[in-house]
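Everything on this sheet refers to the single structure shown next.
The values are calculated or read from the model by the stated rules, or taken from the named source; none is laboratory data. Values in this document were obtained by computation on a predicted structure and should not be read as measured data. Please note: Cβ atoms are built from the backbone with ideal geometry, for glycine as well, and neighbour counts cover all protein chains shown. Accessible surface areas use protein heavy atoms only, side chains included; no ligands, DNA or RNA. Shrake-Rupley method; radii C 1.70, N 1.55, O 1.52, S 1.80 Å.
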Amino acid sequence: MSSYHNERGDLFVLMRIMGLMLWFLLQWLARGVANFDDMMDDVEEAISFVMDNQERLGIAIDADGNDKQQQHQRRPFIFGGYSSGGHVAAMMLQRNPEKWQACFDGILYISGVFAVRPPTPTKESSPGAFLHNKPRFLTDLVMHIVWGEESRHSIPSPIESNSITNTIKLPHLLIACRNEVFGLSILDVFLCSQVYYEKLLQLGTIPSVTLRHVQSDHW
């Protein structure tokens, strides 16, 4: 019995040591090397390349958003992002919606990250108000590691009302997951497609907004 308790005690100490080592590793990695503006600039450059070569790629559109080619020859140009790519895409569109309005046929997000912190609710029934009750340890840790302690507080959230009103006025399709992260709620603050969907509907300016659910996605 004594040997059993000693082994359990040694295992507990080892787990604590490993936990501390992991924590220090994460702190060392948290250097804020990512730059959100650089990410959006990279995406804009990629889109500019596509638009500069649109006739060769078969997606020719004129300045008013009209097809330059016959409808059956033209490939639709759908823009969006998956996971954190959805975050970058949504904020890029909100930063300069007039620039991109005539470029795309529609917007597609798959398990997009639409918040980096719970939104500021205007009232208790506001979409996203429930996110304030969701666990934030992991989401805050991810923000700390990726952006650094000083920069993470300035990273914007697509679902905030002062940003979402600038959303591009094109049809949106959001694909969300019913059981993200094995059905746990530890990343619900990030992966809040339902909230973003409701806020887009509230705007009343988007031609169509559709939300579809799949069973599993990230994990």
TODO: Residue by residue through region 155-175, note down the ones that are surrounded by fewer than 21 Cβ atoms within 10 Å (Cβ to Cβ), within 27 Å of L138 (Cα to Cα) and not acidic (D, E).
DONE: I155, P156, S161, N162, S163, I164, I175
Open item on the list: Would you confirm, using the coordinates I've provided, whether S84 is more than 27 Å from S208 (Cβ to Cβ) and open to solvent by 60 Å² or more (accessible area, probe 1.4 Å)?
Closed with: no
TODO: Quick one: count up the residues across region 31-71 that are at pLDDT below 60, open to solvent by 50 Å² or more (accessible area, probe 1.4 Å) and β-branched (V, I, T).
DONE: 0
Open item on the list: Would you confirm, using the coordinates I've provided, whether L131 is in contact with a Pro (Cβ under 6 Å, 6 or more places away or on another chain), crowded, with 18+ Cβ neighbours inside 10 Å and touching a residue at least 12 places away in the same chain (Cβ under 8 Å)?
Closed with: yes
TODO: For region 162-196, name all the residues that are touching a Lys or Arg at 6+ places or on another chain (Cβ under 8 Å) and closer than 23 Å to P207 by Cβ.
DONE: I164, N166, L173, L174, I175, A176
